[in-house]
Amino acid sequence: KDPSRVCAFRVVKFRRTGESSRSEEDGISGEHEVQIEGVRTELEPVELGDGAAVPKEFANPTDDTFMVEDAVEAIGFGKFQWKLSVITGLAWANAMEMMILSILAPQLHCEWRLPSWQVALLTSVVFVGMMSSSTLWGNISDQYGRKTGLKISVLWTLYYGILSGFAPIYSWILVLRGLVGFGIGGVPQSVTLYAEFLPMKARAKCILLIEVFWALGTVFEVLLAVVVMPTLGWRWLLILSALPLLLFAGLCFWLPESARYDVLSGNQEKALATLKRIATENGAPMPLGKLVVSRQEDRGKMRDLFTPHFRWTTLLLWFIWFSNAFSYYGLVLLTTELFQAGDVCSISSRRQEVKAKCSLSCEYLTEEDYTDLLWTTLSEFPGVLVTLWIIDRIGRKKTMALSFLVFSFCSLLLFVCVGRNVLTVLLFIARAFISGGFQAAYVYTPEVYPTATRALGLGSCSGMARVGALITPFIAQVMLESSVYLTLLVYSGCCLLAALASCFLPIETKGRGLQESSHKEWGQEMVGRGSHSPGESQE
């Protein structure tokens with residue numbers, strides 16, 4: 001054998017980060033402190049062929065260089081991530097601002113004698129604000145940092161959320177709720193920040209569990225409405241619903257900037273300091289070597305979502321997110337309407353008896369309505385648990401497809417004249433699965449896009465979701481007055497198409513690491529170290 005073609009490795013073992021090859025000079029310098037369990041010095045030489053890469057078993061994050069992905073995997077899940085989960089969850093409690101729509105609409109309909117189209121517009125204007133701002137917040141987060149975009153959007157939502165409680169007339173509350181929606185459009189960026197600090201094995205579970213705060217927010221809103229509405233009225237309900245965001249605004253100064261973003265923007269020292277902070281809080285060692293900086297100036301560009309590798313994924317995800325929001329918020333609004341009527345058949349028979357129904361007639365929500373609304377809201381929790389159980393077993397794509405199929409089936413069952421109890425059960429199951437599908441989309445989307453466009457990708461998908469949410473009040477509230485069966489058919493058909501779209505997504509992100517640069521293909525970077533065999537195909 002040619003001596004110049006022979007490479008010998010000294011192998012050391014150290015805590016948490018596995019086996020690594022190190023040079024003789026590194027071992028002598030003592031520059032890094034590691035816990036050595038054993039050193040094997042007599043190794044057989046390994047010959048590499050022309051142009052051959054270093055074998056995978058020797059290519060470890062602790063060689064001479066490491067990436068942020070390697071550091072996150074090496075440090076693991078610990079105290080830092082637990083703190084981050086709670087703080088990020090407070091941002092997700094903005095579900096209160098969304099749940100309030102189904103409670104506020106019938107109240108203002110009666111108090112201000114609003115026609116049905118103005119009630120629907122009051123709901124839609126929130127989604128107009130969210131739709132118009134989602135991509136903007138994503139662009140800000142890619143250009144100026146995840147923490148920056150998130151802080152501004154939360155403070156914006158808090159300010160206008162409190163201000164809307166003082167609206168004197170309909171036009172004022174219409175504008176102010178639209179501005180609240182504009183701020184809410186940036187809250188999903190908390191998922192981008194959160195996902196970039198999570199190790200691969202914990203990512204899906206943690207993102208799903210953070211959705212528990214969304215469910216807690218919706219439940220708390222209903223309970224708050226039960227107490228506040230009969231005594232203090234809807235104005236105090238709007239003001240008190242902004243309190244979780246006030247708590248988040250105070251705590252978000254603890255949040256660090258994403259190390260992945262800092263690396264991509266060329267700020268190596270700040271990224272390294274953040275990783276050391278996480279390692280210290282978790283009581284884990286930092287990987288050895290030098291942090292690799294892959295600076296990319298053209299971050300957050302819409303054209304990157306439509307490169308040949310992401311074009312089909314982006315278009316399918318846009319429709320999936322549209323269908324998720326269209327169906328989820330449609331069901332929330334439809335639940336209120338169905339409970340007030342009693343069941344589907346009551347709506348139909350009542351329309352036959354009163355052909356020309358006055359659009360100004362109103363019915364306040366009763367205690368029974370609030371109770372049933374609470375039960376259907378509690379379905380968010382089993383939705384999280386079911387998705388949590390299946391997402392790492394069958395994958396992200398199949399989880400979304402299954403959620404859409406179950407929702408579609410439950411919608412079709414509502415065609416049957418069922419009693420109030422069966423109606424509540426069907427709405428419970430439908431909401432559990434559509435919320436589960438929404439959660440699966442929040443797991444999949446940050447995983448499929450690279451760091452350079454991750455916030456923009458999530459923001460644009462969130463924007464498309466708001467288009468669905470914008471349209472749905474006119475289906476769930478206006479079309480319902482014409483035909484309840486056509487309304488249910490629209491929701492069922494939309495979810496069937498979304499199930500097909502989920503199956504046709506070209507990339508399954510289960511077991512994959514987060515891609516850093518948009519200039520690299522899938523698989524050129526950390527693609528689930530050790531999770532795929534060399535010959536295993538990737539969808």
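The values are calculated or read from the model by the stated rules, or taken from the named source; none is laboratory data. Bear in mind that the values here come from a model prediction, so they are computed numbers and not experimental data. All Cβ positions, even for glycine, are placed from backbone atoms using ideal geometry, and neighbour counts span all protein chains on display. For the accessible areas, the whole protein counts, side chains as well, though only heavy atoms, and no ligand, DNA or RNA atoms are used. Shrake-Rupley method; radii C 1.70, N 1.55, O 1.52, S 1.80 Å.
Structural remarks
- Residue in the stretch 209-216 that is assigned by the TED database to the domain that holds PHE127 and over 17 Å from the mean Cα position of the chain (by Cα) present: no
- The conditions of being under 18 Å from LYS147 (Cβ atoms), of a type in the set (A, V, I, L, M), at pLDDT 85 or above and touching a Phe, Trp or Tyr at 6+ places or on another chain (Cβ under 7 Å) are met by ILE278.
- Filtered residues of the stretch 440-451 (kept if assigned to a helix (DSSP H, G or I) and either modelled with pLDDT of 85 or more or over 23 Å from ARG203 (Cα atoms) (or both)): ALA440, ALA441, TYR442, VAL443, TYR444, THR445, PRO446, GLU447, VAL448
- In a residue-by-residue description of the stretch 489-496, the property of being open to solvent by less than 10 Å² (accessible area, probe 1.4 Å), β-branched (Val, Ile, Thr), at pLDDT 75 or above and not assigned by the TED database to the domain that holds MET200 applies to no position.
- Selection status of VAL175, under 30 Å from ARG454 (Cβ atoms) and aliphatic (A, V, I, L, M): no
- Total residues in the stretch 194-208, condition surrounded by fewer than 19 Cβ atoms within 10 Å (Cβ to Cβ) and touching a Leu at 6+ places or on another chain (Cβ under 7 Å): 1
- Positions within the stretch 254-281 being surrounded by fewer than 20 Cβ atoms within 10 Å (Cβ to Cβ) and farther than 15 Å from PHE80 by Cβ, in sequence order: GLY266, ASN267, GLN268, GLU269, LYS270, LEU272
- For the stretch 127-145, a tally of residues being open to solvent by less than 10 Å² (accessible area, probe 1.4 Å), closer than 15 Å to LEU264 by Cα and in a helix (DSSP H, G or I) returns 2.
- Elements of the type helices (runs of 4 or more DSSP H) sitting completely within the stretch 322-428 and holding at least 2 residues that are modelled with pLDDT of 65 or more: these cover 367-378, 380-394, 396-413.
- A residue that is touching a residue at least 24 places away in the same chain (Cβ under 8 Å), in contact with an Asp or Glu (Cβ under 9 Å, 6 or more places away or on another chain) and of a type in the set (Phe, Trp, Tyr) occurs nowhere in the stretch 175-194.
- Residues of the stretch 408-444 that are open to solvent by less than 10 Å² (accessible area, probe 1.4 Å) and among the β-branched types (Val, Ile, Thr): ILE434, VAL443.
- Scan of the stretch 212-231 for residues that are closer than 30 Å to ASN282 by Cα and either open to solvent by less than 10 Å² (accessible area, probe 1.4 Å) or touching a Pro at 6+ places or on another chain (Cβ under 8 Å) (or both), ordered by number: ALA215, GLY217
- Restricting attention to the stretch 84-121, the residues that are of a type in the set (D, E, K, R) and assigned to a helix (DSSP H, G or I) add up to 2.
- Within the stretch 162-175, the residues that satisfy the criterion of being closer than 16 Å to LEU114 by Cβ and surrounded by fewer than 20 Cβ atoms within 10 Å (Cβ to Cβ) are ALA167, PRO168, ILE169, TYR170, SER171, TRP172, LEU174, VAL175.
- Selected residue [farther than 27 Å from ILE207 by Cα and in contact with a helix residue (DSSP H, G or I) (Cβ under 9 Å, 6 or more places away or on another chain)] from LEU505, LEU412: LEU412
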